[in-house]
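Report on the following structure.
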Amino acid sequence: MANAQARYFEILDEGVVRCILCPHHCRLKEGQIGICRVRSNQNGNLLTHNYGEVTSLALDPIEKKPLFHFYPGSYILSAGSYGCNLGCSFCQNYSIAHGIPASTYTEAEKMVEITQSCRRDGSVGLAFTYNEPSIWYEYIMDVAPRLKELGLKTVMVTNGFIEKGPLEDLLTCIDAFNIDVKGFNERFYPQMCKGRLGPVKETVERAIGQAHVEITTLLIPGKNDSEDEIRALAQWLGSLDRQTVLHLSKYHPAYQLDLPATPTATIMRAREIALEYLDFVFTGNLPGELNNTNCINCGHELIQRSGYRIEITGVRDRHCAQCGAELGYIKGL
């Protein structure tokens, strides 16, 4: 376990500290550890225990994040640690988010070197992912700016449950986010995730326009998949930027939640509704997914996707090969 000085906290009376990295604002007495399981009060000081601790490291297709309109067809080195500041009963990566996995300490400069070395394998940079990366904050802030100096891209796949100050710092050095909006009703987050929707909405609203942002929502039967909720989610995203990419994914039983898998018809209906307000809505965890990208001007196919097999079929010099429209909504073409 690598202890490091936490950056965002306040010292209160009688040796109590309050973490202000995320909206939980954990108040910790001596020896107590926060909800995220990686920050604790040690002698009246807040330390983070997962600094540089890597549990997963792999070269992934960037579409796996999922990011469909950020350097499509490329690869990205992906790194994760352990811990999470939410408690989702349906967690897909519970072994590292809520378990005690084996990890390898990797110095920040070493991670930069590894990321650079993956360029020859088609990697465009580094994604902080797998567990919740925002609680790896200090490490990210030591790695990401160096990567940007070297012309590499940085990505975070995050639940978006972070305070405004730390988010502003991240926006200076993260190029793209996939933000998991887990549900779009105020009951869902406290009941299913032990969090709140409001801070996640604020993260999305701040990040759009500052970085490339795509959204993922896992549709869980009877919990967050009503037509009214999907409509409200899509209307909100469309009011921010109609070209924001929304990924609607099929739920399968995982961790503590054992409900039937989401019917395919539910996913398809949700996609139909969301397309009233958004130009790009893709489906996840479905066979035969409708995941090609078409030109919003003329409908010509731009990118063809079959699983993680990607073909850029209708692009010429960052413009639609058929109508000539500029494709500024797809980064890295």
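The values are calculated or read from the model by the stated rules, or taken from the named source; none is laboratory data. This one's a predicted model, so the numbers in the text were calculated from it and none came from an experiment. Glycine gets a Cβ as well: all are built from the backbone with ideal geometry, and neighbour counts include every protein chain shown.
Scanning the range 130-143 turns up one or more residues that are within 19 Å of S249 (Cβ to Cβ) and touching a Phe, Trp or Tyr at 6+ places or on another chain (Cβ under 6 Å). Only one of the listed residues (L290, L333, L259) is at pLDDT below 95, more than 25 Å from P61 (Cβ to Cβ) and among the hydrophobic types (A, V, I, L, M, F, W, C). That residue is L259.
Out of A102, A108, I need the residue that is in the same structural domain as Q191 (by TED's automatic domain parsing) and over 22 Å from the mean Cα position of the chain (by Cα). Which one?
A102
Scan the range 102-149 for residues that are in a loop (DSSP other than H, G, I, E, B) and surrounded by fewer than 17 Cβ atoms within 10 Å (Cβ to Cβ) and the total you get is 3.
If we scan the range 58-73, do we find a residue that is surrounded by fewer than 19 Cβ atoms within 10 Å (Cβ to Cβ) and of a type in the set (A, V, I, L, M, F, W, C)? Checked against the condition, which is being surrounded by fewer than 19 Cβ atoms within 10 Å (Cβ to Cβ) and of a type in the set (A, V, I, L, M, F, W, C), the range 58-73 yields at least one hit. All told, Q304 falls short of being touching a residue at least 60 places away in the same chain (Cβ under 8 Å) and of a type outside the set (F, W, Y).
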